[in-house]
Every structure is written in C-alpha cells, then in structure tokens.
Amino acid sequence: MPSTKLILISNEQVEVEGQLEDVGRLLQDAARSASGTLAWLKVAQTEETVGVNPAHVVTVRPGEE
C-alpha cells in the first residue's frame, strides 16, 4: 500500500497510509476547518489511527513503499 511521510515541527516523522495527494488533501481539509481540527490518518506500520494537527506539519513527501 502506498504511504506518505509527514515531518512535524518537532522533527518527528510519521509514515501514514495513503497516496501523497490524498494525505495532502486530508491535511488541507483539516486546516480549512475550525481551528484545532485534526486530520485523522492511519500509521503505515501499525495501522494505528492518529490525529495530526496540520499546522504542525512542515514537510509531506512520498513514503517508503
């Protein structure tokens, strides 16, 4: 399954499931919503659901396939 790597302002890296464009769209939608809205994504290795604050994302790039 395709994945996308997020690099956060804390320098933490999170690899989530999904195509780069799809994850980017989820982050953009959350950013346009009410303040504090999270983008809900699945961690690629564990399938754990995480909420990501789009304001904390510095870089979005393709993950390891």
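Quick note: the coordinates plus some simple rules give every number you see, no bench work behind them. Keep in mind the model is a prediction, meaning the values are calculated, not measured. Methodologically, a virtual Cβ is constructed for each residue, glycine included, from the backbone with ideal geometry; neighbour enumeration extends over all protein chains shown.
Under the rule of -39500 (n - 2.57) per DSSP H run of 4 or more residues, summed and divided by the residues of the chain, what mean residue ellipticity at 222 nm is obtained, to the nearest 500 deg cm²/dmol?
That comes out to -6500 deg cm²/dmol.
Would you mind calculating the relative contact order of the chain from Cα pairs under 8 angstrom and at least 6 residues apart, reporting the percent as a whole number?
Reported relative contact order: 43 percent.
Just the Cα atoms of the chain: what Rg and Dmax do they give in Å?
Considering the chain through its Cα atoms, Rg and Dmax are 10.7, 33 Å.
Treat the count of other C-beta atoms within 10 Å as a stand-in for reagent exposure and order GLU47, GLU17 from fewest to most.
Values: GLU47 9, GLU17 17.
Ranking GLU47, GLU17 by Cβ neighbours within 10 Å, fewest first, gives GLU47, GLU17.
Determine, for SER3, SER33, SER10, the number of other Cβ atoms within 10 Å of each Cβ, and report the residues in order from fewest to most.
Result, fewest neighbours first: SER10, SER33, SER3.
Tell me the angle of helix 20-32 to the major Cα principal axis of the chain, expressed in degrees between 0 and 90 and rounded to the nearest ten.
So the helix axis and the longest Cα principal axis differ by about 20 degrees.
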